[in-house]
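Since the structure comes first, as structure tokens, the remarks are kept for the end.
Every read-out reported here was derived from the displayed coordinates using simple, explicitly stated rules and does not represent laboratory data. Only a predicted model underlies this, so the values are computations on that prediction, with no experimental measurement involved. Backbone-built Cβ (ideal geometry, glycine too); neighbour counts: all protein chains shown.
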Amino acid sequence: MIDTTAAHPPAQRFLRVAIDAPAAVAAATGEHEGLYDYRWHGGPISPGELVVVPFGNRTVVGVVVIVDAVATTDPQRIRDVVGCVRGIAPLSTEWLALASFAARYYHRPLGEVMLPALPVAMRKAANYVLEDEPSSGSTRSASLPAVERATQRAAKTRSATGTEAPASITLNTLQAEALAGIVASLQPDAASRPTLLYGITGSGKTEVYLRAIAEVVAAGRQALVLVPEINLTPQLALTFASRLPGARVASLHSGHAAGRRLHHWMLAHEGTADVLLGTRLAVMASLPRLGLIVVDEEHDASYKQQEGLRYSARDLAVARGKLGRDGRSIPVVLASATPSMETWAHAETGRYRKFALSERAVPEASLPTIRLVPTLRAEAADGLTTTLRDAIADRIARREPVLVFHNRRGYAPVLTCAACGWLSACPRCSVNAVFHKADRQLHCHHCGWQRRVPRACPACGNVDLAAVGRGTQRVEESLRALFPEARIARIDRDSTRRKGVAAGMLDAVHAGELDILVGTQMLAKGHDFRNVTLVCVLDADNALYSHDFRATERLFSNLMQVAGRAGRGGARSHGAEVLIQTRAPEHPLFAALIAHDFERFAASQLAERADAGLPPYSHQAVLRAEASEAAEAIAFLEMARGIGLPLLSEQSSTDVVDLYDPVPMTVARVAHVERAQLLVEARSRRALHVFIDAWLASLGEERVKVRWHIEIDPLEI
Ligand code: ADP
Ligand code: ZN
Ligand code: ZN
């Protein structure tokens, strides 16, 4: 560290600014945390303010983290701040603390956490107008015209909401208890444990947390509500607005265009919005009056970001609650019918409080009967057993819509040539190319590659190519052949590319305008269908034989979620059924599923995990490498392992941290890039982080050609 006090007049001040710079540049300038020194000539400035600064030959936006810092680099090389952003209130100390927690926990530079958490329109230096500011010496003020425009529009949002009267629902006893518990946690002197709101599908969890939110809003505070997917439920924001009369509801998700995103972010940041409803990215929103955080469907995999900062929004929400505001923790409610094993284990040990809603909320609604339909390969050429056909025909006759769940899109997973054994494959990835009949194309579901379906086998010229296996398009085709009179639609990523299409299909089911809706998981996400009495699952078996230790957990929760769409209509949906075709009816997962017994399933899962020393009984990280040759990626990981092992013995942590052998990833090649990984496992979270800190410091000094990153708490390995 260089002492600058002697060389410079005391008036001179330095700012340490977080910038989202590529790691390579950061390494070249000797920075590790994504913080850079700048000279400041202006008036008062505080941490959390935005500044426009030069960086290399560009001008970028940064967040001031430390003011009046002693320069950490050669003062001669330190450049001046170009402009200080006016018109946007500084980010709060709490927000800065949250970002710095995330940076430490995920072992990423601070700038890489902070900047991507801001709306993209706010991060672009070019969007700012710079003006001289007489009071600030040579530093100019920077204003964002888009922000000013976005704040006129705010008024409209206000008047549009809160017009509908609240529905008159009386909470049942279990709901009332859960609500009382959550409301108690809002009190200043309450204990700070997160709450697990565990309730079967349709048990009225949403109703409970909506009322807790109403209390929070009435007390003048803000509520943050995270949901897995918002595009499918545009009516959700409306529901919120109508159920929380007078509350101003903003939303944040990736479906918003840049201007809208900025607008809603500002509503939250300025405290104008009382409720912020959003997907995972909203967990880092700035909320100055935050008083409650709700994570709905907390087990959902979409809370995990799979690129850049690979964070779990669920975990950050819990951390944000703990960091709190004004020295007090913020209550966090995690809601799910099938909590993640991590959350469930915390509830079992008492680290989280648990409220259980064990009955359906709508009077006389009961859970559907789940039945297994054993299938033999020979029996169902089109994938539909007679049991399923009969049940579907019956519902069509009764004008009750049927949901058919099949978690694989496209027409067939692969095309094959019977003459020579050729298989359709993606030339860029180590996977099959999926046959899509709708556009007569082969698609790679990993890299997006597409090609017209060949007329003849590219290897031997045989014109008889066969589609093997089944995707949603093929299921739809079979259903149309079987039920030519029925109104059938398909909901998956291919059929719903255009905005509003998915919501339209779901509305059509509600309105009774569809007889059969075939689809992937999109069918299942929280829709409250009152008229559905039959849900069919075509093939549940793939996940049963997966190498991924979380595959059964995911399958169980998917099936529970899908099954949960049936029988929600009270007395008129008695006799609601879920039919699951499987070749492994004896699998223990199904016994628990039929009994609607998540707790039994969770107990057996946790026992297995404890035996095998898997999460939540251990903590994991993976080091991943990408290179053009597989050998290069593996060699890098071998080298990394070689660097790591001595560190373990130095820290005498050989017994608590394990470094596994590098292996290629399950899909090793994607878009010509070979990928491999090395698993790190530790019994204590602390030991894991201590080791990774030391390890990354040593690795960062190696000059290597491969691209690599570390992921903490990976969901898929
Ligand atoms: P979950 O979030 O647990 O799936 P919801 O909160 O969406 O359940 O409730 C399912 C349905 O039951 C909704 O239509 C809701 O309006 C209704 N509902 C919730 N609580 C009650 C109640 N106490 N009495 C009657 N209906 C209720
Ligand atoms: Zn061939
Ligand atoms: Zn590909």
| note | the range 539-588: Kirkwood hydrodynamic radius (Cα pairs, Å) comes out at 12.4 Å
| Expressed as a whole percent, how much of the Cα-Cα distance distribution for the range 457-610 exceeds 21 Å? | 55 percent
| Quarter of the Cα convex hull surface for the range 541-697, i.e. its orientation-mean projected area (nm²) | 12.9 nm²
| query | For the chain, what value does the Rg/Rh ratio take when both radii are computed over Cα atoms and Rh is the Kirkwood radius, given to two decimals? | reply | 0.98
| message | Ignoring everything except DSSP H segments at least 4 long, calculate the 222 nm mean residue ellipticity for the chain; use -39,500 (n - 2.57) per segment, divide by total residues, nearest 500. | response | -9500 deg cm²/dmol
| task | Run the quick spin-label model on Arg455 and Asp439: label points 7 Å from Cα toward the beta carbon, then report their separation in nm to one decimal. | result | 2.2 nm
| request: Give the cysteines in the chain for which no other Cys Cβ lies under 4.7 Å away, or write none if there are none. | output: Cys84, Cys447, Cys536
| So, how do all the Cα-to-Cα distances of the range 34-102 break down into 10 Å bins, in percent, from 0 on up? | 18, 53, 27, 1
| task | Determine Rg/Rh for the range 276-355; Rg is computed over alpha-carbon atoms and Rh is the Kirkwood hydrodynamic estimate from the same atoms. | result | 0.95
| query | Which whole number in µm²/s is D for the range 338-389 by Stokes-Einstein, with the Kirkwood Rh taken over Cα pairs at 25 °C and 0.890 mPa s? | reply | 160 µm²/s
| remark: Checked the range 221-306 against the a/c 1.5 cut and the a/b vs b/c comparison, axes a ≥ b ≥ c from its Cα gyration tensor; verdict rounded
| note | Cross-link reach from Lys205 to lysines, straight Cα distance under 27 Å and at least 8 residues apart if same chain, gives Lys304, Lys322, Lys354, Lys525
| query | Based on the Cα atoms of the range 435-519, what semi-axes does the equivalent ellipsoid have, where each is the square root of 5 times one gyration tensor eigenvalue, given in whole Å with the largest first? | reply | 30, 17, 8
| query | Considering every pair of different Cα atoms, what Kirkwood radius, in Å, is found for the range 518-606? | reply | 13.8 Å
| task | Give me D for the range 375-488 in µm² s⁻¹, whole number, from Stokes-Einstein with Rh from the Kirkwood sum over alpha-carbon pairs, 20 °C and 1.002 mPa s. | result | 137 µm²/s
| said: Order 387-396, 264-273, 189-198 from most to least packed using the mean count of other Cβ atoms within 10 Å. | reply: 264-273, 189-198, 387-396
| query | By average Cβ neighbour count within 10 Å, what is the ranking of 694-701, 364-371, 113-120 from highest down? | reply | 113-120, 364-371, 694-701
| Stokes-Einstein D (µm²/s) once Rh is taken as the Kirkwood radius of the range 581-656 over alpha-carbon pairs, at 20 °C in 1.002 mPa s | 131 µm²/s
| If the chain between Ala630 and Arg498 were fully stretched, how many nm would it gain, using 0.36 nm times the residue separation less the Cα-Cα distance? | 43.7 nm
